Amino acid sequence: MKRPIVLHPDPRLKKVAAPIDDVSDELRALADDMLATMYDAPGIGLAAPQIGVSLRLIVLDCVKEEGAPPRPMAMFNPEVVSSSDETNVYEEGCLSIPEIYADVTRPEAVTVRWIDMNGAEQEDTFDGLWATCVQHEIDHLDGKLFIDYLSPLKRQLITRKMVKFKRNKATEKA
Ligand code: K2U
Ligand code: ZN
């Protein structure tokens, strides 16, 4: 079922997440909850720390073509094993930093190794939006946000804005 998304600034988003030893039924259920949360947001990726779970698990589905079948993926202990020299720039957002977008430059293609929902080792190469997204999600597992690639001033302005946003949200709820 859908989980609340942790909003920046929050120490849970800065922690390095712990690797997973083996894929259990409860971890498969966690991945399903993350996919439900991601589709509902809507987003095209989500990392476990964003729902307050400090484990190395990400989900993504970057299928953008209208009418194309969804391609949900869950990756346990994902790691980039190689990346292209070519880079591209994408205007990134983040479900933990709503309504903030900024250009981030990343390798255009990455080869990723991970453990899938059945506990099997996988390796695949991603490019385009999938590459941007998988790198954005793996950054979350290392406590890194896309705003960490911006200038300290820009990051500070965004953080101040988010502190206000969270304060207003809290008073609305009260
Ligand atoms: O990690 C997240 O917060 C999920 C992001 C993943 C993402 C960020 C930037 C670029 C690609 C993926 C959410 O999907 S943010 C919403 C979004 C949707 C489409 C394109 C970009 C951002
Ligand atoms: Zn994010």
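The values are calculated or read from the model by the stated rules, or taken from the named source; none is laboratory data. This one's a predicted model, so the numbers in the text were calculated from it and none came from an experiment. Note that each Cβ is placed from the backbone with ideal geometry, even for glycine, and that neighbours are counted across all protein chains shown. What goes into the accessible areas is simple: the full protein's heavy atoms, side chains included, and nothing from ligands, DNA or RNA. Shrake-Rupley method; radii C 1.70, N 1.55, O 1.52, S 1.80 Å.
Details
- Scanning the stretch 148-170 for residues that are outside any helix (DSSP H, G or I) and under 18 Å from residue 95 (Cα atoms) turns up just one, 150.
- Qualifying residue in the stretch 15-28 (condition: of a type in the set (S, T, N, Q), away from ligand 2 (no atom under 12 Å from the Cβ) and within 13 Å of the chain's Cα centre (by Cα)): no
- Test: residue in the stretch 62-69 that is modelled with pLDDT under 95, within 15 Å of ligand 2 (Cβ to nearest atom) and not β-branched (Val, Ile, Thr): yes
- Restricting attention to the stretch 107-130, the residues that are in contact (Cβ under 8 Å) with a residue 40 or more places away in the chain and crowded, with 18+ Cβ neighbours inside 10 Å add up to 2.
- Any hit, the stretch 46-64, residues being farther than 24 Å from residue 7 by Cβ and either of a type in the set (Lys, Arg) or surrounded by fewer than 16 Cβ atoms within 10 Å (Cβ to Cβ) (or both): yes
- Positions within the stretch 76-111 being more than 14 Å from the chain's Cα centre (by Cα) and of a type in the set (Phe, Trp, Tyr), in sequence order: 90, 101
Let's see how each residue does on (1) farther than 17 Å from residue 138 by Cα; (2) part of a helix (DSSP H, G or I); (3) open to solvent by 20 Å² or more (accessible area, probe 1.4 Å):
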{"site": "9", "(1), (2), (3)": "yes, no, yes"}
{"site": "12", "(1), (2), (3)": "no, yes, yes"}
{"site": "16", "(1), (2), (3)": "no, no, yes"}
{"site": "20", "(1), (2), (3)": "no, no, no"}
{"site": "29", "(1), (2), (3)": "yes, yes, yes"}
{"site": "35", "(1), (2), (3)": "no, yes, yes"}
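- Selection of the stretch 74-106 for residues being in contact (Cβ under 8 Å) with a residue 60 or more places away in the chain and open to solvent by 20 Å² or more (accessible area, probe 1.4 Å) yields 95, 98.
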